[in-house]
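The values are calculated or read from the model by the stated rules, or taken from the named source; none is laboratory data. It should be emphasised that the depicted structure is a prediction, and the values quoted were computed from it without experimental measurement. Here Cβ is always computed from backbone atoms with ideal geometry, including for glycine, and neighbour counts include all displayed protein chains. Accessible surface areas use protein heavy atoms only, side chains included; no ligands, DNA or RNA. Shrake-Rupley method; radii C 1.70, N 1.55, O 1.52, S 1.80 Å.
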Amino acid sequence: VQLQASGGGLVQAGASLRLSCTASGRTSSRYGMGWFRQAPGKEREFVGHIRWSDGSTYYSDSVKGRFTISRDNAKKIMYLQMNSLKPEDTAVYYCAFRYDSRWDRTDSEYNYWGQGTLVTVSS
């Protein structure tokens, strides 16, 4: 499975941004995909997860209510819609794939990773 993330950029606080992650290769009938982020000098942090079969989602408390994960099933694209961005959302955002539909906060539970896309939110 290969993952390609895109959509990062520089925005002002309060703005919105949408990230995309395109999956290619052999997936399975039951899998999940997630978003993580890593701010400078910090460990990688779980953002959210989507169960591909039915689109159910789970979010970390830090983004709940501001970020939304969705997917285009036919195109195998996962999206991260980020609204009301804050400077503390500045990070490299990674998408990840897991051969398990359940969400997990632990990055080691994900089998494949995209290359990351940088989101910078200025105050």
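Side notes on the structure shown:
- Chain lengthening between Q2 and A74 when straightened (0.36 nm per residue, less Cα-Cα): 24.3 nm
- Annotation: extensible slack from R105 through A39 equals 22.1 nm (criterion: 0.36 nm per residue apart, minus Cα-Cα distance).
- For a straight C-alpha distance cut-off of 24 angstrom, the lysines reachable from K64 (same-chain residues fewer than eight places away being disregarded) are K42, K76, K86.
- Relative contact order of region 1-122, taken over Cα pairs closer than 8 Å and 6 or more residues apart, is 36 percent.
- Positive contributions from Lys and Arg (+1) and negative ones from Asp and Glu (-1), summed over other residues with Cβ under 15 Å from the Cβ of Y94, come out at -1.
- Exposure check, 1.4 Å probe, all protein chains in place: D54 carries approximately 90 Å² of accessible surface.
- The residues of the chain expose on average 51 square angstrom of accessible surface per residue, using a 1.4 Å probe on protein heavy atoms.
- Model label sites at S28 and L118, defined 7 Å from Cα along the beta-carbon direction, differ in position by 3.6 nm.
- Charge dipole (the chain, unit charges on Cβ, about Cα centre) - positive-most of G7, W35, G25: G25
- Note on the chain: with a GNM built from Cα contacts shorter than 10 Å, the maximum mean-square fluctuation among G48, G32, G65 falls on G65.
- Multiplying the residue separation of D54 and S16 by 0.36 nm and removing their Cα-Cα distance gives an extension gain of 11.1 nm.
- Heavy-atom accessible area for L17, with the other protein chains in place and a 1.4 Å probe, reaches approximately 30 Å².
- Accessible area ranking (1.4 Å probe, heavy atoms, ligands and nucleic acids excluded), largest first, for E43, E109: E43, E109.
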